[in-house]
C-alpha cells in the first residue's frame with residue numbers, strides 16, 4: 001500500500017500499487033475506425049464499443065483482448081453512446097436513424113426503440129447515453145450545425161411504460177452525459193463551450209438548478225481541448241475525455257481539476273468506461289489510432 005498526502009484533502013489518494021495513469025494499448029491500432037466510441041462493459045468483463053472494423057457495427061472485446069463484430073446496426077444506422085442497464089440490456093443511441101435501442105445482449109436482438117413515443121421536433125443526433133440506478137436513461141442530442149445553441153438533453157423513463165421527456169434545450173453541443181454515484185446529479189459536457197454543466201436530479205428523474213460545473217479554459221486547459229465522453233468513479237470524481245489534448249482529465253466533486261490525469265497514447269481520447277473484476281480498469285476509445293486503450297485508476301467506476 002502507498003499513500004500520497006497533498007495540501008487539499010480532496011485530491012485523489014493513491015491507495016494501490018497498481019495505479020497507472022499512463023494508458024496502454026488494449027486492441028491493435030486500426031482495429032476500429034475513427035468513429036470508435038461508446039465503450040460499455042457487461043457483468044462478465046466484456047467490452048463493447050462501436051465501429052469495430054467498419055462503421056455501423058458494435059464490436060465486442062473479451063477481457064483478454066480478442067475482438068470481433070458483435071452486431072450490425074439495423075437499417076443502415078450508426079451507434080455512438082452505449083450503456084448497460086441493471087437488467088443487462090444494452091442501450092444504444094443511433095445518431096443516423098435517430099433512435100435509442102434496447103438490445104438483448106444474449107440474443108443480440110434489437111428489441112425496441114425506447115424513444116419511439118417522442119412526437120416533438122425531430123432529434124438532431126442522439127449521441128451519448130447516461131443511466132441512473134433506477135434505469136432512467138439520459139441522452140444528449142447535439143446540434144453540430146450550431147455553435148451557439150440548439151442542442152438538447154432528454155430522459156427516457158424506466159419500463160414497462162416508456163416516456164421520452166425533453167429536459168433542456170438551447171445547449172451548445174451537449175455531448176458526454178453521466179449520472180453521479182448517489183443519483184443526485186447529472187453531468188453534461190458542452191463540447192464547443194469547453195465546459196461541463198451539472199444539474200440537480202429530482203426524485204422523478206427530471207433536472208433542476210443548471211450551472212457550470214467546470215469551465216476548462218478558465219481552469220487553464222487549452223481551448224483546443226474538447227470535452228467528449230465522461231464517467232464517474234465511486235467517490236464522485238468525474239473523468240472527462242479531452243479530444244485534442246490527449247488526456248482524460250479528472251474533475252473532483254467540488255468542480256476543481258485533480259492533479260492526476262490519464263495520459264492517452266493519442267491526441268483524441270473520445271470516451272471512457274470502467275471495467276475489470278475490481279472496477280478500476282478504465283477503457284478509453286481513442287480516435288487517432290482507432291483502438292481501445294486501458295489504464296488503472298484508484299477507485300472503481302459506476303454504471
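At-a-glance table
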| quantity | calculated |
| --- | --- |
| Positions within region 234-252 being in contact (Cβ under 8 Å) with a residue 24 or more places away in the chain and either in a loop (DSSP other than H, G, I, E, B) or in contact with a helix residue (DSSP H, G or I) (Cβ under 6 Å, 6 or more places away or on another chain) (or both), in sequence order | 234, 235, 236, 237, 244, 245, 252 |
| Counted residues, region 131-143 - those being within 22 Å of residue 37 (Cα to Cα), in a loop (DSSP other than H, G, I, E, B) and touching a residue at least 40 places away in the same chain (Cβ under 8 Å) | 4 |
| Leading residue by the ranking (surrounded by the fewest Cβ atoms within 10 Å (Cβ to Cβ)) among those in region 27-50 that are at positive phi and in a loop (DSSP other than H, G, I, E, B) | 30 |
| Options 119, 86; residue that is over 23 Å from residue 178 (Cβ atoms) and surrounded by fewer than 20 Cβ atoms within 10 Å (Cβ to Cβ) | 119 |
| Qualifying residue in region 206-227 (condition: over 22 Å from residue 134 (Cα atoms), within 15 Å of the chain's Cα centre (by Cα) and crowded, with 21+ Cβ neighbours inside 10 Å) | yes |
| Index of the failed condition, residue 62 passing every other in (1) over 24 Å from residue 151 (Cβ atoms); (2) buried (at least 22 other Cβ atoms within 10 Å of the Cβ) | (2) |
| Subset of region 10-26 that is outside any strand (DSSP E or B) and more than 15 Å from residue 274 (Cβ to Cβ) - its residue that is modelled with the highest pLDDT | 17 |
| In region 264-282, the residues that are crowded, with 24+ Cβ neighbours inside 10 Å and under 17 Å from residue 29 (Cβ atoms) | 264, 269, 270 |
| Residue match in region 253-265 (condition: touching a strand residue (DSSP E or B) at 6+ places or on another chain (Cβ under 8 Å) and without any contact (Cβ under 8 Å) to a residue 40 or more places away in the chain) | no |
| Segments classed as strands (runs of 3 or more DSSP E), wholly inside region 61-130, with at least 3 members that are without any contact (Cβ under 8 Å) to a residue 40 or more places away in the chain and closer than 25 Å to residue 31 by Cβ | 67-72 |
| Residue 185, sole failed condition from (1) surrounded by 15 or more Cβ atoms within 10 Å (Cβ to Cβ); (2) under 25 Å from residue 290 (Cβ atoms) | (2) |
| Options 303, 192: the member that is on the phi > 0 side of the Ramachandran plot and surrounded by fewer than 22 Cβ atoms within 10 Å (Cβ to Cβ) | 303 |
| Segments classed as strands (runs of 3 or more DSSP E), wholly inside region 144-204, with at least 1 members that are free of Cβ contacts under 8 Å to residues at least 24 places away in the same chain | 164-171, 185-190, 195-201 |
| Any hit, region 51-59, residues being surrounded by fewer than 17 Cβ atoms within 10 Å (Cβ to Cβ), touching a residue at least 40 places away in the same chain (Cβ under 8 Å) and not in a strand (DSSP E or B) | no |
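Listed here are the residues, each with its yes/no results for (1) closer than 28 Å to residue 167 by Cβ; (2) in contact with a strand residue (DSSP E or B) (Cβ under 9 Å, 6 or more places away or on another chain); (3) part of a loop (DSSP other than H, G, I, E, B).
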site: 217; (1), (2), (3): yes, yes, yes
site: 223; (1), (2), (3): yes, no, yes
site: 228; (1), (2), (3): yes, yes, no
site: 232; (1), (2), (3): yes, yes, no
site: 278; (1), (2), (3): no, no, yes
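The values are calculated or read from the model by the stated rules, or taken from the named source; none is laboratory data. Here the structure is a predicted model, which is why all the values come from computation and not from measurement. For neighbour counting, all protein chains shown are included, and Cβ atoms are generated from backbone atoms with ideal geometry for every residue, glycine included.
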